[in-house]
Every structure is written in C-alpha cells, then in structure tokens.
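These notes are about the structure you will find just below.
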Amino acid sequence: MTALEPSDAVVADETADRVDDEGVLGRSYRALSVGIVSVVLLIAFEATAVGTAMPVAARELDGLSLYAFAFSGYFTTSLFGMVLAGQWSDRKGPLGALTTGIGVFAAGLVVAGTAQSMWVFILGRAVQGFGGGLVIVALYVVVGRAYPERLRPSILAGFAAGWVVTSIVGPLAAGTVTEQLGWRWVFLGIPVLVLLPLALALPQIRRRAGGPVPGGGPKAFDRRRIRLALGISLGAGLLQYAAQDPRWVSLLPGAAGAALLVPSVLGLLPRGTYRAVRGLPSVVLLRGIAAGSFISAESFVPLMLVTQRGLSPTLAGFSLAAGGVTWAVGSWVQARPGMQPYRERLMTLGMVLVAAAVATAPSVLLPAVPVWTVAVAWSFGCFGMGLVIASASVLMLRLSAPEEAGANSAALQISDALSNVVLLAATGAAFAALGGGSMTGTAGSGSHPGAFAVVFLPMAGVALVGAWVATRLRDPGDRTAS
C-alpha cells in the first residue's frame, strides 16, 4: 500500500459515516425498508378489505348469524400470537417468528378463501389472527434491532402510511375484486403477493436482526407468560361472545372471560401500566387508550350518518376518507428530526385532538349541523392519531433493553388489541341498551340519537384521560428522554 492509498480503517470509517447519514430509503436500508413496509401493506390490505368481502362471504356460506365471530376469532388468536412472538424474538431473534407468522397467515387466507361453511371460514380467520400476531410483533423487534434510533420514527411512519393507504383504497379494491372475481379472491390473492417483499426483506433481516440478542437473551420460553397468553385469548373470546348475545345467560361467559382476562393482562403488561406509572407503563397504557377510544367511536360513524342523516353507505364511508391522509401527515410530522425534543407534547396534543373529534362527531345528530362537520372533525382526530400511535412505538423501543424488545412490543400490541376488544364490547352493549339494536342499518330505520351519544361522549372522555397519561411518558431515569 502506498502513502496515497487509504487504509482499511479509513475506508471502514468512511463507509460507516455514509451509513450513518442514510435515511430509511438509502442504499443500506432500502431493501429492508421496502420489504417490511410491503408486508405491513399487505396485512393492512387484508384487514381493511375483509370488511368489504365479509357480508358477501357470510351470505354465500349461510352464516350471517355467525358474522361477528369472523372478526372476533381473528383478534382472539392474535393476542396469543403477539405474546409468543415476543418470547420467540427475545430468545432467537425475530426472523423465525416473522417467517412462521407469514406462513401461518397465508395458510389462514387459503383456509378462509376455500371454505365451504361458515365455521371453516371462521377457523381460517382464527389461523390468520395467530399469524398476524406473530408478524406484527416480530416486525417491531426488527425495527428496534436493524435501525438506529434516529431512523425509527421514519420507518414507523412508513408502517402507519401502509395502514392509511389501505384504509383508503382497500375497500374500493376489495369491492371491485368481490364483484368481478368473487369474494374468495380477496383472500386467495394475497399469499402470492407476499413473496416479493419477503424476498427483499428476509436476507436483510437475517443479516441485521437475526439471532439472539448480543450478550444473551432469555434461554427458554417463559411458561408462565405462555399460560397468561392463553388466558388472555380465551378470556377475550368469552367476553366478545357475551357482548354479542344480549340474553341474561350471556353474563356467565362474560364473567368467566373477565375472570381470565384481568389477571392475565396484569401479568403480561409492564408493572404499573394501569396506574400510569411514568415511563414504559404509561407508553403502553396510552397506546391502548388511543386505539380503543378512537376505533370504538369510528366504528359507529358510518352507521350514524346512514341511519340518522340519510347518507348512502358510500358517502358515509367517504366522510372518513380524508382522515387517512391526515393520519399519514401526523405520522410524518412526528418523524421529523426537529420534533424529537417535543415528542411528549405532540402526543398530548394528539390526544386532545382525538377527544375533540370524538366529542364533535355526534353534533350531526342535530339537523341544523352540516353533515360535513364529521369529515372535518375526523380529519383533525386522525392527525392526532398519527402523532400518537407512531410516537408510542418510538418511545417503547427507546425505553426497552435489547433483550426485552420482543416482550415490550408484544405488550404494546396487546394493549392496542385488548382495548379495542373491551371498549368495542362496552360501546356495543351501551348502544344496544338504548335502542340501537332495533335499527336495520339503513336510512330511515329509526331515530336513536341517545344510542349514538352514549358511544361517542364516553369515548371522548377516555381520550381525555389519554391526554393526561401523555404527560407521564418521560422516564425520570432516562437522560435521553425529551
């Protein structure tokens, strides 16, 4: 080597500097970023498209009486998959959980798409849920291991954008496929599409995030956590079953579900979660509060506009479309480097916007209030959700030791999913108790403003509690916290 030739050390330093300066779509991260965001995009498409195809599938399979179980079966098994993926990722790395989850998810799609009876269709949905639970937690562990902290907000914003894009185009695409090819292809087409993103992502995941945590993670599965995961899944299933059956006898499975659910949740979430202890417990709690309050309210917006204001289902759905764009904008804003010192304040603002949007929505029950008020309010609420959801994932990874990233990612997702289950069950029961159950779901099927008010106003209150929790996110022992 001559004096003019750079040494290996200099070349290595220059290469490291280039990598440090790259974004998520830079040469070093491009294949991984495109691959994992594409996986999220396809899973999100299935989640949003299934609502469009489900009524047709249920009628063809003569299973309208079992309609709700096709949704609850997915959520119930996904809870167990989330806990298992957290354990698996902390022990062996996320690659095994991710590939297994995608394979199981694809198998569930095939079972559902080829089902000749409603119970087989529900079984396919349950298999999908287990696979989806494995995948989503493994992906968060990949983000924690493969990306430096400065890039995590951006890649998590990409995850959020994937869900937003599918929420806008998914129902339209699924409706077109259902009408032109049949509902089965909504399920059977996705396993083929997932091959390309896997080919891009898996080699990068193996190189950047494969294997156990340096220094050693857990040596064996925590059998207690696995038992708690079974308890939370079974408890959630019983609770959802009870909420769907208005008879007094349903109190028995409801009580049994709660008896299983409460101790299991307390054992799986970080200690102090439900006391909003500062730091990670409050981050996990806020994720559940934000998702549960917003999604529970959003589920009733189209029904309210159709039955109380006479909109067509298409127009009612379009009233939420702009929110997909503002959600993506909120995720983009939180990912800006200049926003890092203000993350907790942004999340507080986000929850205030969510509370205001949810509280404003039922104002259209008054005939003098323009219908477009909901679209405007929901746009602001979705912007707030964009700030909160991605930021919660960023903070969770920041506050997690490498060997705990899987368990804490699972806790975040459990909080999200379980809050949806519990608050949807509660709002559904309240809605039915005040006459909502007598509506047919069509325009002019009856005026029941109280049934809608009892959904939106309590959820606005829950969101305000989330604004308070957002003031408790900073861990006093974390010197890097903003």
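Tell me, please, whether a residue that is open to solvent by less than 20 Å² (accessible area, probe 1.4 Å), among the charged types (D, E, K, R) and out of contact with any Leu (no Cβ under 6 Å at 6 or more places or on another chain) can be found in the range 405-416. No, the range 405-416 contains no residue that is open to solvent by less than 20 Å² (accessible area, probe 1.4 Å), among the charged types (D, E, K, R) and out of contact with any Leu (no Cβ under 6 Å at 6 or more places or on another chain).
Taking residues in the range 12-31 that are in a helix (DSSP H, G or I), and partners anywhere that are modelled with pLDDT of 50 or more and of a type in the set (A, V, I, L, M, F, W, C), the pairs with Cβ atoms closer than 6 Å and at least 6 places apart or on different chains are A31/L200. Of all residues in the range 303-319, none satisfies being buried (at least 18 other Cβ atoms within 10 Å of the Cβ), under 18 Å from the mean Cα position of the chain (by Cα) and under 28 Å from A432 (Cβ atoms). Across the range 371-385, what is the total count of residues that are of a type outside the set (V, I, T) and open to solvent by 50 Å² or more (accessible area, probe 1.4 Å)? Number of matching residues: 3.
The helices (runs of 4 or more DSSP H) found entirely in the range 313-391 that carry 2 or more residues being modelled with pLDDT under 90 and farther than 18 Å from A291 by Cα are 313-318, 321-335.
Taken over the range 265-302, residues that are open to solvent by less than 10 Å² (accessible area, probe 1.4 Å) and closer than 14 Å to A355 by Cα amount to 8. Summed over the range 189-205, residues that are part of a helix (DSSP H, G or I), under 23 Å from the mean Cα position of the chain (by Cα) and either crowded, with 16+ Cβ neighbours inside 10 Å or of a type in the set (S, T, N, Q) (or both) total 7. Scanning the range 137-147 for residues that are open to solvent by 10 Å² or more (accessible area, probe 1.4 Å) and either at pLDDT 90 or above or in contact with a Pro (Cβ under 8 Å, 6 or more places away or on another chain) (or both) yields G144, R145.
Does F105 qualify as being among the aromatic types (F, W, Y), open to solvent by 20 Å² or more (accessible area, probe 1.4 Å), out of contact with any Lys or Arg (no Cβ under 7 Å at 6 or more places or on another chain) and at pLDDT 80 or above? Spelling it out, it is not the case that F105 is among the aromatic types (F, W, Y), open to solvent by 20 Å² or more (accessible area, probe 1.4 Å), out of contact with any Lys or Arg (no Cβ under 7 Å at 6 or more places or on another chain) and at pLDDT 80 or above. Of all the numbered requirements in (1) open to solvent by 20 Å² or more (accessible area, probe 1.4 Å); (2) on the phi > 0 side of the Ramachandran plot, V120 misses one, and that requirement is (2).
With respect to the conditions (1) among the hydroxyl-bearing types (S, T, Y); (2) at pLDDT below 80; (3) open to solvent by less than 20 Å² (accessible area, probe 1.4 Å), S89 lacks only one, and its number is (2).
The values are calculated or read from the model by the stated rules, or taken from the named source; none is laboratory data. Just so we're clear, the structure is a prediction, and the values are computed from it rather than from any experiment. Using ideal geometry, Cβ is built from the backbone for each residue, glycine included, and neighbour counts are taken over all protein chains shown. Ligands, DNA and RNA are excluded from the accessible area calculation, which covers all protein heavy atoms including side chains. Shrake-Rupley method; radii C 1.70, N 1.55, O 1.52, S 1.80 Å.
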